[in-house]
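Enquirer: I'd like to ask you about the structure that follows.
Quick note: the coordinates plus some simple rules give every number you see, no bench work behind them. On a predicted model such as this, the values are computed, not experimentally measured, just so you know. Every residue, glycine as well, gets a Cβ built from its backbone with ideal geometry; the counts of neighbours run over all protein chains shown.
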Amino acid sequence: MAMGSSLESAVWEASRPPYRVRYIHDPGAQPGVPLYASYGVANPKTARAKLGRIVRGAPEVVVKVTGRQRGGTHVKAHLGYIGRKGAVEIETRDGEILTSKDDIAERAAEWSDTLEWRSRPTVSSVALIFSMPEGTDPDKVLGAVRALAHAELSDNHDYLLALHTDTPRPHVHLTVQAEGLDRNRFNPRPVQLHRFRERFARELRERGVAAEATPRRARGRGVAGSSIRLVKLRARLASVASGVMTNADRRTNEQAIAVARGQANLPSFIVKGKNRWQAICQAYRQAAAALDASGQPDDQALARDVRRFLDKQPDVHATPEIFAARHAQALSAARGNHDPPIPEPPPHDRGR
């Protein structure tokens, strides 16, 4: 029993989310170690299963907010996009299919009419995307999102679903009416998005699809990638071959050059991330030791996988650190070749 408690605590310490988790204690219940931030108390079996999925590379679910629509015209345009102008079925909360432009226009107006009294444009709907890697059964992805939406939203918010299979990664667009029946508005924050990821992964596993929803740092990854808005802006700038850099990329490059020259330090979040990764590694080592101590062949095999996972992830690196290292190498090479020094960063771009 002691081994189980040690394993559960180690898995939770390694995989807990970055935000402060609120606990609700039942005075009449036996205290337990959580397995996820949103539901479930760990036991040795579930802790082993979660640890195995992490270190053996189970596919990670993706849940993102892709936009917010303001007004009926904007909602109608968005629904036209996710419905591919009638080529893709749009499923309602009640399981019906919107089959015509009139159906879409009626739903868009219904979601926006109640907001006309507001003094300025207000969010009518929130668009999310639920995605899985290539090769995942699209119908199971849709079924998982349908179950999640019913459990998390159906008692207060209307919503629509659309499955897309025109890219290698099957994904579902979930569009939620912002105004709830109780007048509370749907505005998902990191805590709720993390709960959606956990619920999405659980629904997929119940359908026989291997899936996990762990924070990036639990997998030895640095800060998350760029926002969809920044990715699209980069694509637009690249398409016109203007050579213009986004302000975000320009700031990152300027900071990296300053670090390479010894004129600035790396951001504090990088040091904090490295410290947190070392704490996570220690938790994984404790989990491996607890598994070894059980004497069971399956546990010992999992312990070996944990150590192999750690060997492949000796450190974490964020984008500013990587850029700074590249600039430092270029600066060192330039000095070795007696080339002119790296030029000063260009002035702030006031164009696009």
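Enquirer: For Q313 and N247, compute 0.36 nm times the residue count separating them, minus their Cα-Cα distance, and round to one decimal in nm. All intermediate terms of the calculation are to be shown ahead of the outcome.
Expert: Working: separation 66, 0.36 × 66 = 23.76 nm, distance 3.12 nm.
Roughly 20.6 nm would be gained on extension.
Enquirer: Full-extension gain between R56 and S5, please, as 0.36 nm times their residue separation minus the C-alpha to C-alpha distance.
Expert: Working: separation 51, 0.36 × 51 = 18.36 nm, distance 2.21 nm.
Going from the current span to full extension adds 16.2 nm.
Enquirer: Would you please calculate the Kirkwood hydrodynamic radius of segment 87-215 over all C-alpha pairs and express it in Å, rounded to one decimal? Could you put the intermediate results ahead of the total?
Expert: Details: mean 1/r = 0.0641 Å⁻¹.
15.6 Å is the Kirkwood radius here.
Enquirer: Post the alpha-carbon centroid distance, segment 31-46 to segment 72-92, in whole angstrom.
Expert: Segment 31-46 and segment 72-92 have Cα centres spaced 39 Å from each other.
Enquirer: Only Lys, Arg, Asp and Glu count, each charged at its Cβ (+1, +1, -1, -1), so figure out the dipole size of segment 14-169 about its Cα centre, rounded to 20 debye.
Expert: Values: 22 positive and 19 negative charges, 213 e Å.
Roughly 1020 debye, rounded to the nearest 20.
Enquirer: Please compute the modelled spin-label separation between A289 and S100, points set 7 Å along Cα→Cβ, answer in nm with one decimal.
Expert: Each label point is offset 7 Å from its Cα along the Cβ direction, giving 7.0 nm.
Enquirer: Something else about it: Straight-line reach from K50: which lysines have Cα under 29 Å away, leaving out those fewer than 8 places along the same chain?
Expert: By straight Cα distance, K50 reaches K64, K140, K272, K274, K312.
Enquirer: Give me the Kirkwood hydrodynamic radius of segment 1-100 in Å, from all C-alpha pairs, to one decimal place?
Expert: Values: mean 1/r = 0.0563 Å⁻¹.
Averaging 1/r across every pair of different Cα atoms and inverting gives 17.8 Å.
Enquirer: Same structure, new question: S332 to Q30: extension gain in nm, 0.36 nm per residue of separation minus the Cα-Cα distance? Provide the component values of the computation, followed by the final result.
Expert: Numbers: separation 302, 0.36 × 302 = 108.72 nm, distance 5.99 nm.
In short, 102.7 nm is gained.
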